[in-house]
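Below is one structure, written out as structure tokens, with a few remarks after it.
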Amino acid sequence: MVKGKLCRWFLIIATPCFFSFITPVFGQTGAIRGFVYDESDGEPVIFTNVYLSGTTFGSATDVNGFYTISKIPVGDYELMVTSLGYDTLKMPVSVDVNQVQNKNLYLRKRSVILQTINVSAERQEARTETKTSVVKITPKQINQLPSVGGAPDLAQYLQVLPGVVFTGDQGGQLYIRGGSPIQNKVLLDGMTIYNPFHSIGLFSVFETDIIRNADIYTGGFGAEYGGRVSSVMDITTRDGNKRRIAGKFGASTFGARMILEGPLSKPKSPERGGATFILSAKSSYLEQSSKIFYDYVDENGLPFNFLDLYGKISIYGANGSKINFFGFRYNDEVNNYQSISNFSWDSYGAGSNFIVIPGKSPVLIEGHVAYSTYKISLEDDVFPARQSEVNGFTMGMKFNYFLGKNELDYGIEMMGFKTDLFYVNEAGAIINPSPEYTTELGVFIKYKATIGRLILEPGFRLQWYATLSEISPEPRFAMKYNVTDRFRLKFAGGLYSQSLISGRSDRDVVNLFYSFISGNVDHPNTFDGKEVTRNYQQSQHAIIGAEFELGKHITVNLEGYYKNFSLLFNLNRNKILNSDPDFIVEKGDAEGIDLTLKYDHNNFFVWAVYSFAFVHRYYENAEGEVEMYYPHFDRRHNLNLMASYRFGGTKTWEVSARWNYGSGFPFTQNQGFYEKISFNDGIYTNYVDENGEINVILADLNDKRMPDYHRLDLDIKKRFFFSENTNLEVNFSVTNIYDRKNVFYVNRYKEDDIVYQLPIMPSVGFTFSF
């Protein structure tokens with residue numbers, strides 16, 4: 001029955017898409033398409049303008065460097081490309097009736113950078129894309145941030161984005177506009193990454209310099225994404241240098257990293273294809289180095305260890321079609337730190353993706369297939385080992401059909417994964433659901449229509465949870481109205497769902513056990529007097545915003561958002577008997593305002609972000625009454641100020657600073673203590689003589705606030721150039737420069753035992769590039 005309904009929905013969506021795909025370009029028009037590459041290394045030049053001089057026909061390149069200009073009247077034109085840091089490219093083109101021309105373009109780097117070109121490109125994209133609740137990140141932007149530990153990292157840059165809350169340097173996690181980590185989908189070249197951050201919290205598993213682009217959707221994302229109820233991080237890596245063997249090696253007081261890339265097969269002419277490779281590795285030796293440089297933090301050292309490996313091979317054709325093969329291995333280990341005896345996780349995966357450019361149709365076809373797995377284990381002196389595992393595959397195809405200034409996207413995605421969890425809580429109750437095999441299938445369609453100053457982007461996704469025998473219809477919508485060339489209004493929203501559930505409670509302040517479960521979990525059948533009719537989690541988003549351009553170099557973005565988490569499942573921390581449900585039912589909401597200001601001119605960059613937000617969760621108490629509480633990541637005020645400046649005769653010096661302020665997180669106070677008798681001998685227990693254990697009487701859940709958090713980081717870099725492709729960068733950075741004692745958590749049984757975030761930590765590092 002369910003399969004029949006799904007097939008009918010798919011036919012309804014796919015049929016018009018199929019006919020639009022095979023339909024040629026009608027009328028007395030033609031099209032030009034292709035890729036824009038950097039001439040020096042063959043890498044795509046992304047998000048740059050390609051247009052016909054003296055006309056309104058143009059396009060911006062995407063994350064693959066691909067552009068399409070369609071529905072061009074027949075005639076002769078001058079094709080132009082402008083991009084920051086490159087010479088402007090001009091070439092004559094002739095457009096014929098119903099012809100699609102392939103024009104791959106190669107840009108040459110220039111020594112004098114024209115800042116106005118970059119401003120023009122960004123403004124053009126802002127006028128032609130909805131861009132609501134999305135931030136595009138490149139390595140250049142990450143490198144402008146003070147690099148903690150001597151190496152710039154995506155994890156550090158994410159902390160300065162609007163709507164993002166970071167809970168700590170040691171074991172902290174990112175919470176995006178009210179969504180917990182498991183509600184944030186992370187994709188690397190189409191592969192699902194289940195845990196993208198290391199235990200120390202300052203580093204992600206991704207090597208910065210192999211990232212081509214990262215799209216961070218903090219809410220209201222389009223129909224092409226499914227399976228999460230809060231946000232999406234979509235990361236694309238580079239293909240590798242097509243011209244020569246190149247690489248980087250760096251080391252600091254925190255760790256070391258290495259990149260090697262180059263051609264496997266060089267094309268003998270532009271009309272032929274080739275192959276490239278790229279390899280990266282980074283590792284932490286902080287456990288050893290901290291005993292030398294940071295023994296004042298902890299005399300036993302900081303035992304945060306990790307090793308990240310990534311490799312990719314790309315095979316490309318002359319017209320830009322290509323196929324990539326890639327794989328990764330990430331692991332993390334913490335040894336006997338604070339109350340943890342042994343903690344570790346291991347993740348690995350492999351996959352492939354491709355791009356196909358058909359000969360006679362203005363369409364781009366993309367596809368991917370990948371497998372990834374994640375295993376985690378946590379042991380201490382009190383409870384049995386806690387373990388969790390998730391592994392699965394994902395595959396899909398996407399069709400992008402270009403219709404002048406309009407665009408039609410549609411596709412299909414299939415996911416399958418298995419989860420396993422073994423967990424013993426403080427009451428000794430076992431949470432060990434049977435291993436679950438879950439299959440999901442999603443089909444989607446999205447259309448972008450440009451009508452004068454108005455851009456409309458309706459979409460629809462149908463998500464089928466095969467294991468649950470349930471279907472989730474999910475409409476999506478985004479729009480933008482260009483009131484003037486300098487002022488724009490925008491909106492995005494939709495319905496979202498996910499079946500993956502966290503194996504830890506959202507109420508835990510510090511819990512490194514980042515685990516997963518899916519399928520038909522054990523939960524109550526009613527909530528707030530109503531029957532729980534779905535076994536997957538749900539949310540609804542609504543975001544409204546405005547963009548301002550104040551002069552040539554200042555942009556301001558203001559967004560207000562509301563997320564309604566209408567159905568959530570949370571680990572039952574109060575489970576006492578093995579017959580009690582493993583999970584409880586909750587609901588929640590998040591609302592707030594994010595204000596962003598950016599200034600970029602003459603080697604001076606300023607980024608300022610202020611967020612004002614509320615996050616609520618609702619649960620049933622023991623009497624069946626619904627109560628509200630603030631989750632531990634609810635932060636009312638969050639302010640980030642960042643600036644960088646390049647100076648010196650050849651601009652080889654760079655100084656950058658970041659100051660972060662956050663109001664206090666909620667916490668639950670101690671109300672008193674009592675002696676807990678275990679009654680191990682039942683009614684025969686001699687409770688008069690038996691010595692019990694000290695236990696805590698808690699006050700109202702998260703009714704008080706921790707002290708405010710603030711920290712200043714500083715970074716200074718100097719570059720030495722030995723040749724065109726060989727240089728050395730020396731880096732000196734200081735984290736928490738005025739040694740602010742920011743509280744991480746307090747030991748409930750020893751209130752004078754306060755664990756602080758990282759103190760002042762200077763670091764020195766270098767990166768050699770060739």
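The values are calculated or read from the model by the stated rules, or taken from the named source; none is laboratory data. Note that the structure is a prediction, hence the values are computed from the model and not measured. Ideal geometry is used to build each Cβ from the backbone, glycine not excepted, and the neighbour counts take in all protein chains shown. Please note that ligands, DNA and RNA were not included when accessible areas were found on the heavy atoms of the full protein model with its side chains. Shrake-Rupley method; radii C 1.70, N 1.55, O 1.52, S 1.80 Å.
Brief remarks on what is shown
- In region 628-643, the residues that are in contact (Cβ under 8 Å) with a residue 40 or more places away in the chain form Cβ pairs under 6 Å with partners that are small (Gly, Ala, Ser) and surrounded by 20 or more Cβ atoms within 10 Å (Cβ to Cβ), at six or more places apart or across chains, as follows: ARG635/GLY662; ASN638/SER611; ASN638/GLY662.
- Meets criteria (in contact with an Asp or Glu (Cβ under 8 Å, 6 or more places away or on another chain), among the aromatic types (Phe, Trp, Tyr) and in contact (Cβ under 8 Å) with a residue 24 or more places away in the chain) for PHE770: no
- When ASP189, ASP234, ASP209 are screened for being within 28 Å of ALA608 (Cβ to Cβ) and either touching a residue at least 60 places away in the same chain (Cβ under 8 Å) or surrounded by 24 or more Cβ atoms within 10 Å (Cβ to Cβ) (or both), only ASP209 passes.
- Conditions (1) surrounded by fewer than 22 Cβ atoms within 10 Å (Cβ to Cβ); (2) modelled with pLDDT of 90 or more: number failed by VAL510: (2)
One line per residue, one yes/no per condition, for (1) at positive phi; (2) open to solvent by 20 Å² or more (accessible area, probe 1.4 Å); (3) in contact with a Phe, Trp or Tyr (Cβ under 8 Å, 6 or more places away or on another chain); (4) not aliphatic (A, V, I, L, M):
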| position | (1), (2), (3), (4) |
| --- | --- |
| SER388 | no, no, yes, yes |
| ASN406 | no, yes, yes, yes |
| THR419 | no, no, yes, yes |
| LEU441 | no, yes, yes, no |
| ALA449 | no, no, no, no |
| ARG461 | no, no, yes, yes |
| TRP464 | no, yes, no, yes |
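- Strands (runs of 3 or more DSSP E) contained entirely in region 289-368, each with at least 2 residues that are open to solvent by 40 Å² or more (accessible area, probe 1.4 Å) and not aliphatic (A, V, I, L, M): 322-335, 342-356
- Residues (part of a strand (DSSP E or B) and charged (D, E, K, R)) located in region 259-278: GLU261
- Candidates GLY649, GLY588, GLY592, GLY662 - the one that is over 20 Å from LYS704 (Cα atoms) and in contact (Cβ under 8 Å) with a residue 60 or more places away in the chain: GLY592
- Test: residue in region 737-758 that is of a type in the set (Ser, Thr, Tyr), within 21 Å of LYS651 (Cα to Cα) and exposed (fewer than 15 other Cβ atoms within 10 Å of the Cβ): no
- Considering region 421-439, and only residues there that are among the aliphatic types (A, V, I, L, M) and in contact with a Lys or Arg (Cβ under 8 Å, 6 or more places away or on another chain), the residue that is surrounded by the most Cβ atoms within 10 Å (Cβ to Cβ) turns out to be ILE431.
- Qualifying residue in region 712-722 (condition: in a loop (DSSP other than H, G, I, E, B) and either free of Cβ contacts under 8 Å to residues at least 12 places away in the same chain or out of contact with any helix residue (DSSP H, G or I) (no Cβ under 9 Å at 6 or more places or on another chain) (or both)): yes
- Which numbered condition PHE47 misses (of (1) on the phi < 0 side of the Ramachandran plot; (2) in a loop (DSSP other than H, G, I, E, B); (3) open to solvent by less than 60 Å² (accessible area, probe 1.4 Å)): (1)
- Selection within region 374-423: residues that are β-branched (Val, Ile, Thr) and touching a residue at least 40 places away in the same chain (Cβ under 8 Å). The member of this set that is farthest from ASN336 (Cα to Cα) is ILE412.
- Of all residues in region 725-734, one or more are over 28 Å from the mean Cα position of the chain (by Cα), without any contact (Cβ under 8 Å) to a residue 40 or more places away in the chain and in a strand (DSSP E or B).
- Flag for LEU378 being under 20 Å from ILE501 (Cα atoms) and in contact with a helix residue (DSSP H, G or I) (Cβ under 8 Å, 6 or more places away or on another chain): no
- Residue list for region 59-103, filter: of a type outside the set (S, T, N, Q), exposed (fewer than 14 other Cβ atoms within 10 Å of the Cβ) and touching a Phe, Trp or Tyr at 6+ places or on another chain (Cβ under 8 Å): PRO92
- Yes/no for ALA281 being surrounded by fewer than 21 Cβ atoms within 10 Å (Cβ to Cβ) and outside any loop (DSSP other than H, G, I, E, B): yes
- Pick from region 635-674, criterion more than 16 Å from TRP607 (Cα to Cα) and hydrophobic (A, V, I, L, M, F, W, C), ranking: surrounded by the most Cβ atoms within 10 Å (Cβ to Cβ): PHE665
- Test result for PHE354, over 30 Å from VAL36 (Cβ atoms), within 25 Å of the chain's Cα centre (by Cα) and touching a residue at least 12 places away in the same chain (Cβ under 8 Å): no
- Region 735-770, residues that are modelled with pLDDT of 90 or more, part of a loop (DSSP other than H, G, I, E, B) and not charged (D, E, K, R): ASN736, ILE737, TYR738, ASN742, PRO759, ILE760, PHE770
- Condition check for LEU701: at pLDDT 95 or above and surrounded by 15 or more Cβ atoms within 10 Å (Cβ to Cβ): no
- The residues of region 115-136 that are open to solvent by less than 30 Å² (accessible area, probe 1.4 Å), at pLDDT below 90 and not in a helix (DSSP H, G or I) amount to a single one, THR130.
- Of note, ALA318 satisfies the criterion of being in contact with a Lys or Arg (Cβ under 7 Å, 6 or more places away or on another chain), farther than 19 Å from VAL205 by Cα and of a type in the set (A, V, I, L, M).
- Filtered residue count, region 261-278, keeping only those that are within 30 Å of VAL148 (Cβ to Cβ) and surrounded by fewer than 18 Cβ atoms within 10 Å (Cβ to Cβ): 0
- Scanning region 212-224 for residues that are of a type outside the set (S, T, N, Q) and either open to solvent by 10 Å² or more (accessible area, probe 1.4 Å) or outside any strand (DSSP E or B) (or both) turns up ARG212, ASP215, TYR217, GLY219, GLY220, PHE221, GLY222, ALA223, GLU224.
- Remark: ALA657 falls outside the filter, which requires a residue to be of a type in the set (Gly, Ala, Ser), assigned to a strand (DSSP E or B) and under 30 Å from ALA699 (Cα atoms).
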